[in-house]
Amino acid sequence: MKLETKVGLFFTGAIILMGVLIFRTEKLELGGKRNQSKQFTYFDTVAGLSPQSKVLVAGVSVGTVHEIALEGGRAKVTLSISKDVGIYGDATVSLGSIGILGEKFVDLEPGHSAKGPFPKDTPLPSKAGISLDNLMESLSEISKNVKGVTQALNESIGGEQGRQKIDEIVDNIRVLTAEFRSMAQENHGAIDHTMANVEALSTDLRDRLPKLAQQFEAVGKNLNGILEENRPELKGVISDIRKLAQSFQGSAENIKVLTDRINSGQGTIGKLLNDETTVKKINDAVDNVNNLLGGFGKMDFRLDMNAAQWSKRGDSQSGLGLEIAPSPDYWYALGFDSTPDGKINQSIQLITQLDPVTGKPVTVPQSIKWVTTDRTFTMSAQFAKRLGPAVFSAGIVENTGGGGVELRGLDDRLRLGILAYDFMKRDNKPNPRYRLTSSYQFWKGAYIQAGVQDIDNKDLRTVFFGAGLRWKDDDLKKMVGLAASAK
């Protein structure tokens with residue numbers, strides 16, 4: 001049996017064994033979506049919330065929004081929550097957002113274990129959270145209340161009834177002064193005693209006033225001297241005070257013009273406080289920005305760096321890959337590789353040799369063929385779709401069209417796949433190129449890989465071994481955070 005056949009049978013058996021292990025693992029419900037439970041709740045409005053939005057407990061992500069549907073005039077929100085999170089009888093949910101324009105999420109309060117587990121097939125109680133929409137509604141209600149107060153004052157004071165009320169107030173003041181006059185007459189003796197004390201005080205002051213006058217005169221002379229010495233500085237201070245007063249007067253006039261424009265509904269702020277249509281437009285714009293930012297927030301990025309040694313040609317391959325995943329079940333993959341791709345070269349030379357019959361020298365052509373390696377940089381751009389444990393991909397593979405399938409298991413740490421590309425026939429490559437790959441991630445992002453390149457082209461076929469590193473979206477965010485803090 002040929003070596004190629006043995007290698008093909010070995011990897012075919014490995015693929016079948018891998019498939020059996022993956023399906024048995026799925027039946028045992030280890031990891032994946034089987035480790036999540038479904039809960040649902042109702043909200044009056046879920047503006048800005050979308051499927052795949054996060055479910056947080058104390059700021060920690062424990063699940064996602066699985067589905068949003070309309071039921072009985074209210075929004076029914078189905079949540080996919082990890083079974084590791086206990087949900088008890090007094091659990092509640094509310095809507096929240098990260099900052100004013102941040103991504104919306106569902107805030108889960110799991111409750112207390114003393115209340116017992118939350119009953120199945122029962123909606124989680126929801127409560128209103130603090131949001132920009134609620135704030136704008138509160139401002140609108142305050143504006144309506146202010147308008148109501150001014151209207152009430154106008155109705156209370158304006159017109160004939162208001163004049164009558166003012167007359168009543170004047171009459172009350174007249175009665176009050178008459179009562180004060182009566183009180184003064186009743187306390188006439190006390191007032192006389194007070195006047196006598198005042199007279200005694202004035203007599204005392206008559207004796208002291210000359211001395212006080214002399215002291216004030218001396219102080220006045222001292223002040224005159226100080227003013228004479230500092231007259232230029234005082235003039236500058238007075239001039240500055242006059243300019244400041246003029247500035248305040250101008251500012252007051254500008255503020256009055258601004259408030260008049262706001263009250264009449266002119267300008268952006270005036271429309272905001274007086275026009276309900278403007279408030280609705282602002283709310284719609286904020287929701288659109290939230291949806292846009294929420295979409296970027298849910299997009300995951302994964303980075304892959306790897307290198308492998310080609311056994312047949314004694315050269316190496318290195319690569320850098322980037323995966324952009326808008327959703328867990330599909331993503332876009334970009335790759336840049338430096339690959340020692342083999343090329344078969346052939347030439348015909350004329351050589352002289354002796355004719356075995358005649359014994360004379362004759363010239364005959366001889367074909368010489370050799371394999372060389374040229375290090376080139378290639379680019380790949382593929383679309384990948386996941387269906388259970390299988391990942392299908394298609395697009396540009398090392399500057400040519402191609403596609404492949406990969407089986408994944410053990411939380412994507414074990415991978416086994418085949419890739420087909422470069423279907424054009426050439427003298428040095430009569431058949432399409434097939435690459436059989438396998439990898440195992442043994443510690444965090446580190447993994448080892450092995451496989452066979454150019455299975456169907458004998459002159460190019462080689463076995464390769466290598467290793468690499470994978471970074472997930474959370475790892476990249478931590479690295480960016482460390483780089484920013486280092487600055």
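Residues that are touching a Leu at 6+ places or on another chain (Cβ under 8 Å) and among the aromatic types (Phe, Trp, Tyr) were ranked within the range 389-443; the one that is surrounded by the fewest Cβ atoms within 10 Å (Cβ to Cβ) is Tyr440. Quick check: anything in the range 195-202 at pLDDT 80 or above and of a type in the set (Ser, Thr, Tyr)? No - not one qualifying residue is present in the range 195-202.
Gly59 - would you say it is modelled with pLDDT of 90 or more, out of contact with any helix residue (DSSP H, G or I) (no Cβ under 8 Å at 6 or more places or on another chain) and of a type outside the set (D, E, K, R)? Against the criterion (modelled with pLDDT of 90 or more, out of contact with any helix residue (DSSP H, G or I) (no Cβ under 8 Å at 6 or more places or on another chain) and of a type outside the set (D, E, K, R)), Gly59 does not qualify. For the range 31-87, the set of residues classified as out of contact with any Leu (no Cβ under 9 Å at 6 or more places or on another chain), under 17 Å from Pro117 (Cβ atoms) and surrounded by 16 or more Cβ atoms within 10 Å (Cβ to Cβ) consists of Gln36 only.
Is it the case that some residue within the range 397-409 is of a type in the set (A, V, I, L, M, F, W, C) and more than 17 Å from Val452 (Cα to Cα)? The answer is no; no qualifying residue exists.
Listed by first and then second residue, the pairs linking a residue in the range 415-428 that is more than 17 Å from Gly395 (Cβ to Cβ) to a residue that is surrounded by 19 or more Cβ atoms within 10 Å (Cβ to Cβ) and of a type in the set (Val, Ile, Thr), with Cβ atoms under 8 Å apart and 6 or more places separating them unless they lie on different chains, are Arg415/Thr437; Leu416/Thr437.
The values are calculated or read from the model by the stated rules, or taken from the named source; none is laboratory data. No experiment lies behind these values; they were computed from the predicted model shown. Note that each Cβ is placed from the backbone with ideal geometry, even for glycine, and that neighbours are counted across all protein chains shown.
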